[in-house]
1. Of everything in region 125-144 that's under 24 Å from residue 49 (Cβ atoms) and of a type in the set (Val, Ile, Thr), which residue is most open to solvent (accessible area, probe 1.4 Å)?
2. Filter region 287-343 down to residues that are at pLDDT 85 or above, charged (D, E, K, R) and open to solvent by 50 Å² or more (accessible area, probe 1.4 Å) and give me whichever is farthest from residue 205 (Cα to Cα).
3. Can you confirm whether residue 102 is part of a helix (DSSP H, G or I), open to solvent by less than 60 Å² (accessible area, probe 1.4 Å), among the charged types (D, E, K, R) and modelled with pLDDT under 90?
4. Does residue 184 count as over 20 Å from the mean Cα position of the chain (by Cα) and in a helix (DSSP H, G or I)?
5. For region 147-196, what are the residues that are within 27 Å of residue 136 (Cβ to Cβ) and small (Gly, Ala, Ser)?
6. What tally of residues in region 149-177 results from selecting those that are assigned to a helix (DSSP H, G or I), within 11 Å of residue 95 (Cα to Cα) and not aliphatic (A, V, I, L, M)?
7. Look at residue 55 and say whether it is open to solvent by 20 Å² or more (accessible area, probe 1.4 Å) and touching an Asp or Glu at 6+ places or on another chain (Cβ under 9 Å).
8. What are the residues in region 162-191 that are among the aliphatic types (A, V, I, L, M) and either crowded, with 20+ Cβ neighbours inside 10 Å or closer than 23 Å to residue 99 by Cβ (or both), if any?
Amino acid sequence: MGSVQLQDFVAGLVGGIANVVAGHPLDTIKLAGFFKGMSFPLVSIGIYSSVVFGVFSNTQRFLSQLRHGDPAAAPSLTDMTLASVVAGVISVGIGTPVELVKIRLQMQTQPYTKANVKLNSTAPGSPVYRGPIHCLRTILQKEGIPGVYRGNIAMLLRDVPGYCAYFVPYAMFCDWITPHGSISPNLFSIWLAGGVAGAVSWAVSTPMDVVKSRLQADGVYLNQYKGTLDCMLQSYQNEGLKVKTKCFPLTLVPIVDSSGTVLALGMCLITLSNALVELILLLHYLPSFCTKSIYSYALTLLHSQQVFCRGLLVNTVRGFPSSAAMFLGYELSLKAMKRCQTETNP
């Protein structure tokens, strides 16, 4: 079997840093001020991306070696999907604490508006954490390891389909727009394919990202949710009738190829992601659904869409430039390292 190639981990680190620089301002628009807390994402997301890209690429080569006897063989759709699943699962171990600290730091200065909820000892609006290290240490002391991995189930449900909708569309779209006969895609192809992949992936991930973010923000001033399912149920019950949400899957239309392949794939994945949320709600409310009319059932699904599609427009808009920068950084640094290796060892 082929050995692990560290170049992919290094290239993933470079891509992660490029991702933060391009996408962090829009990422913080959802929660806090412009460029608030950028040093922590630069380090943490760089390492996180290094692991994701390194695991994905090496798993893909391992599967090619296993199936075809050649790690350099063109991967099949099945191989890319399996490698994406592995990368998604591994990413949760590193990504959950990173996301938790980021959200806690961004949320602790937000105005407190909820009423009739028992608060923690810290007064709302006052800083709880002095920085990333203090935040992580405080959570460990007060909540232990389970607290550090708060929202891990929601993140797993977000990242596994999310990375499938990230790496597979990238490879497909990059191959489609690369001129016939070219050995490798040009910079524009990488940039465009990476942007499309990011927009599609975030559109797919948004429903569970809403749940994950609410779970991880919970606990700064109050403890409202007992777990992933409880968060979903409370979000639906409390906001399903009154949340005004802009849910626009068609934001993907301007970046779709004329054949409609990527649009069809993206819309199918978005539908599956939304269906996952609806299935969980359906299983919980199944007894009461049996006595409801079709109209009531349809209204329930509509309300769940309004709640769990919150932030879809921001996510898809943010996903294009940040992911385009990610793949550009990854591919260019990988090519540079391979070129240096060739010149060193001709």
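1. 133
2. Filtering first and then ranking leaves 339.
3. yes
4. Spelling it out, it is not the case that residue 184 is over 20 Å from the mean Cα position of the chain (by Cα) and in a helix (DSSP H, G or I).
5. Hits for region 147-196 are 147, 151, 154, 162.
6. Within region 149-177, the subset assigned to a helix (DSSP H, G or I) is 152-177.
Next, from what is left, pick out any that are within 11 Å of residue 95 (Cα to Cα): 152, 155-156, 159.
Narrowing further to those that are not aliphatic (A, V, I, L, M): 152, 159.
The qualifying residues number 2.
7. yes
8. Taking region 162-191 as the starting set, the residues that turn out to be among the aliphatic types (A, V, I, L, M) are 165, 168, 171-172, 177, 183, 187, 190.
165, 168, 190, listed by residue number.
The values are calculated or read from the model by the stated rules, or taken from the named source; none is laboratory data. If you're wondering where the values come from, they're calculated on a predicted model, not measured in any experiment. Cβ sites come from the backbone with ideal geometry, for glycine too, and all protein chains shown count toward neighbours. Only protein heavy atoms, including side chains, enter the accessible area calculation; ligands, DNA and RNA are left aside. Shrake-Rupley method; radii C 1.70, N 1.55, O 1.52, S 1.80 Å.
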